[in-house]
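These notes are about the structure you will find just below.
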Amino acid sequence: MNKIKSTCIYRYIRVILAMAMKDIKSSLTERAFLLTSIIIPINFLLLFLLFALTGGQAPTALVVEDKGPFAQQFISAMEHSNSFIIHQTTSSDAQKLLQLGQIVAIVTIPANFDMALKHGSQIELPVIINNLDVDFTNDIRRAVPLAITSFYANAFPNQVAVKAYEIDTYTHDTDYVHYLVVSLMVVSIMLGGLLQAGSNAAREYEKGTIKELLLSPANPLAIQIGKIVGSMILNSFSVALMIVVIVFLIGVWPQHWDELFVFTLLLMITFVTAGLIIGTLVRRRQAVVPLSIGLSIPIFFLSGAFGPAIWGDPVTATVTQFQPVYYGIAVFQHAFHGFTTTPTGLIVDGLILVVFAVVMVAASSIVIVNVRKRGVAAK
Amino acid sequence: MSKKEKKVFSDGSEIIENNRSLDDQLSIDLQDVDIYDGPVAIRINKLIKRFGNFTAIDNLSLIVKYGEIFGLLGPNGSGKTTTINIISGLSKPTSGQVIVLGNDITKDLHTVHASLGAVPQETALYEELSAWTNMSFHADLYGVVGSDRGKRITEMLNLVQLYERKDNPVSTFSGGMKRRLALARALLHDPQLLYLDEPTLGVDVQSRRAIWDYIINLKEKKGKTVLLTTNYLEEANALCDRIAIIDHGKLVVLPNTPAELKQRYGDIIMDIETTSSITSQLVMHIQNISGINSVTQTNNILKITMSGNDLSSTGNIISLINKESNIKRISQREPNLEEIFLSLTGTGLRD
Ligand SMILES: Nc1ncnc2c1ncn2[C@@H]1O[C@H](COP(=O)(O)OP(=O)(O)O)[C@@H](O)[C@H]1O
Ligand SMILES: [Mg+2]
């Protein structure tokens, strides 16, 4: 009895390994697809970064009505954010500059800034935006909250700050780029996972080899797990390359490697299984690529990529909580910078990510069982 | 019941034949399915498959006996692959019942798969991988493990003479080599039953011969049951113990053997090209010579179908024709599926 059971498990594991190895071998022979699934995510990361660095320097007038130490720190946070070219002026000069189109926004630090902070009350930061230039307008909308983030990080290292923003310990300055890079990494893991696993699933249908799998007496769940494992191993090349770029090229050093490792794994499981589902449903690799990119970009903008999502408009802030990238960015910000950018906190966010991973694995099994029930030949 | 009748087709050709009506044949053959009570490998009962409004399989019933090679013969789009897909569990029947090796395929598919070897029409090989990798992946999926795994793969590759090419990617193989490899793979786990969907499609003549030999060996030396589909009467003739012809997903005729099918229609066809057409009286006259099944004339070409190997009447026919016209060319050949169809159903094949 025991022997039968152990040979059963042995066979199960053999199927998983064989399936994973097969997918890896198949992918490695297809240079074009290997290239897209490794290069596209990195490209995505670098492209957005470049865009942020070059396009993000918005000429902004700063009107400082408070000369206290906190106000000074806030100005320095804005100057370090890589997002503004700051002109300190008076309120009336700023208005003239705005009308002449020489600046795109006026940020005013009110006279009660230091007082309010000391008393822990909420501060209104008036921001006037010249909305003729949409590009810059968006930059300002994103950059101001980030400057605030950075400011709090320096000003109140040990305090719980206003709104959703909580601060643990800080050993590094965080500016726009450092925050954005981490968000980009999460979305790139998503994109890479979808592309890699989606291709691995769609390839079987496209080439008709799905029959070899469906005709076999091997356990369908073992086949599916094998596909997940194979795609994860392939995906990890792209993720490893991404970490190398972020750490050594951009110079963002993670504070918590252990968190980074665990959360990367969780996100990979979630997105690789999502990719398998997409690939199984669309059955064409040409459809997998645009679908993966088309899914990643809006989710990227929805998820607080440029600053904590919770500070965005209330609709976005609510909607975004139903998808994993939001939590992914939150836990990655913690792993890299020690930030907590959600009201729920690291543990809850991590657990929610576990739930997402489990749900995706379950959903992919349902899809596979359904494919078997309906048959491959009948659409 | 047997009578000679004349059919005239819309293209002007006519056919006179010696036949039972189609309904008679079908009722007898279907009865045959019901009364046979020997060991059955596959039993298909009133199978229907619809894709939307389109009926691909239309009330198909047949049995495949243990240890025989059964051929499903039909033109492109007649429903052969759909039938194979359903009985291998890749596609669900709209209605009807399929029992394979004693298991209802809607319930015990797993058991069926373990003792089934299949070569799909499109081979389903991983072309980017080597022959050996394809075999070893299959071995893992089917639980062919242990010490003799490598030996078994080597043996199968040797059987189809591909061992020397074991490390080459399948994409570098010819159509015939791919079919042979797919066959070797299907045999790897030593299945009782084999499905071969168009086993020689896109295969050159030499390879075809080799594949036929493997298939015949499977039955004769290993006692396997084989269900194959084919477009070629010649192939059915060379391999099959029994055949079923389908078109539009319907059973057209189920003679017991390919030999019987040919006998019904004729073994040999003589094509005689004349300088001018001959009168219908003369056509009738030739038709009445003993050993002649049917005579048709289209555009100065007479097609004469004969039974048996007795060609003694040939001289007689030639002198009869020479009375009305001159002969330009004479050729002799076996009938093809198209002609048998025309004779059995009165309609041509779709392409
Ligand atoms: N998945 C499908 N959806 C719709 N029609 C189909 C599908 N599969 C097959 N058919 C149709 O069913 C008929 C039989 O096809 P098939 O079984 O492949 O024929 P064969 O193998 O004899 O050439 C064809 O008309 C084909 O177009
Ligand atoms: Mg077919």
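The number of residues in region B:167-216 that are in a helix (DSSP H, G or I) and either of a type outside the set (A, V, I, L, M, F, W, C) or over 27 Å from residue A:29 (Cβ atoms) (or both) comes to 20. Report every pair of residues separated by at least 6 positions or lying on different chains whose Cβ atoms are under 6 Å apart, first residue within region B:81-94 and facing another protein chain (nearest Cβ under 7 Å), second open to solvent by less than 10 Å² (accessible area, probe 1.4 Å) and among the charged types (D, E, K, R). Between residues of region B:81-94 that are facing another protein chain (nearest Cβ under 7 Å) and residues that are open to solvent by less than 10 Å² (accessible area, probe 1.4 Å) and among the charged types (D, E, K, R), there is no close pair.
Restricting region A:27-41 to residues that are within 14 Å of chain B (Cβ to nearest Cβ) and at pLDDT below 75 leaves a set whose member that is nearest to residue A:239 (Cα to Cα) is A:34.
In region A:75-118, which residues are modelled with pLDDT under 75 and under 24 Å from residue A:49 (Cα atoms)? If the condition is that a residue be modelled with pLDDT under 75 and under 24 Å from residue A:49 (Cα atoms), then A:77, A:78, A:79, A:80, A:81, A:82, A:83, A:84, A:85, A:103, A:104, A:105 are the ones that fit. The lone criterion from (1) surrounded by fewer than 18 Cβ atoms within 10 Å (Cβ to Cβ); (2) among the hydrophobic types (A, V, I, L, M, F, W, C); (3) at pLDDT 95 or above left unmet by residue B:114 is number (3).
From the list B:67, B:74, exactly one residue is more than 14 Å from chain A (Cβ to nearest Cβ), modelled with pLDDT under 90 and under 21 Å from the mean Cα position of the chain (by Cα). Which is it? Write out each step before concluding.
On the way: B:67 fails: modelled with pLDDT under 90.
Just one listed residue meets the conditions, B:74.
Can you find even one residue in region A:359-374 that is over 30 Å from residue B:50 (Cβ atoms) and of a type in the set (Val, Ile, Thr)? Yes, that holds for at least one residue. Screening B:101, B:90 for residues that are over 30 Å from residue B:340 (Cα atoms) and away from ligand 1 (no atom under 16 Å from the Cβ) leaves exactly one candidate, B:101. Residues that are away from ligand 2 (no atom under 16 Å from the Cβ) and not aliphatic (A, V, I, L, M) within region B:48-69 comprise B:50, B:52, B:53, B:55, B:58, B:59, B:61, B:65, B:66, B:67, B:68, listed in sequence order. For region B:104-114, give me the residue count where each residue is more than 25 Å from residue B:46 (Cβ to Cβ) and more than 9 Å from chain A (Cβ to nearest Cβ). Qualifying residue count for the region: 0.
Does region B:158-168 contain at least one residue that is within 14 Å of chain A (Cβ to nearest Cβ), without any contact (Cβ under 8 Å) to a residue 24 or more places away in the chain and surrounded by 14 or more Cβ atoms within 10 Å (Cβ to Cβ)?
The answer is no, given that none of the residues of region B:158-168 is within 14 Å of chain A (Cβ to nearest Cβ), without any contact (Cβ under 8 Å) to a residue 24 or more places away in the chain and surrounded by 14 or more Cβ atoms within 10 Å (Cβ to Cβ).
As for region B:43-56, it holds at least one residue that is in a loop (DSSP other than H, G, I, E, B) and either within 16 Å of ligand 1 (Cβ to nearest atom) or closer than 17 Å to residue B:195 by Cα (or both). Taken over region B:218-236, the criterion of being open to solvent by less than 10 Å² (accessible area, probe 1.4 Å), within 23 Å of residue B:335 (Cα to Cα) and more than 16 Å from ligand 2 (Cβ to nearest atom) is satisfied by no residue. As a summary of the residue check, residue B:176 satisfies the conditions (1) surrounded by fewer than 23 Cβ atoms within 10 Å (Cβ to Cβ); (2) more than 11 Å from chain A (Cβ to nearest Cβ); (3) within 16 Å of ligand 1 (Cβ to nearest atom) except for the one numbered (3). Considering only residues in region B:81-103 that are open to solvent by 10 Å² or more (accessible area, probe 1.4 Å) and within 16 Å of ligand 2 (Cβ to nearest atom), the one that is farthest from residue B:44 (Cα to Cα) turns out to be B:81.
The values are calculated or read from the model by the stated rules, or taken from the named source; none is laboratory data. Just so it is clear, the model here is predicted, and its values are computed rather than measured. Counting neighbours? That spans all protein chains shown, and the Cβs are built from the backbone with ideal geometry, glycine included. All accessible areas refer to the heavy atoms of the entire protein, side chains included, with ligands and DNA or RNA removed. Shrake-Rupley method; radii C 1.70, N 1.55, O 1.52, S 1.80 Å.
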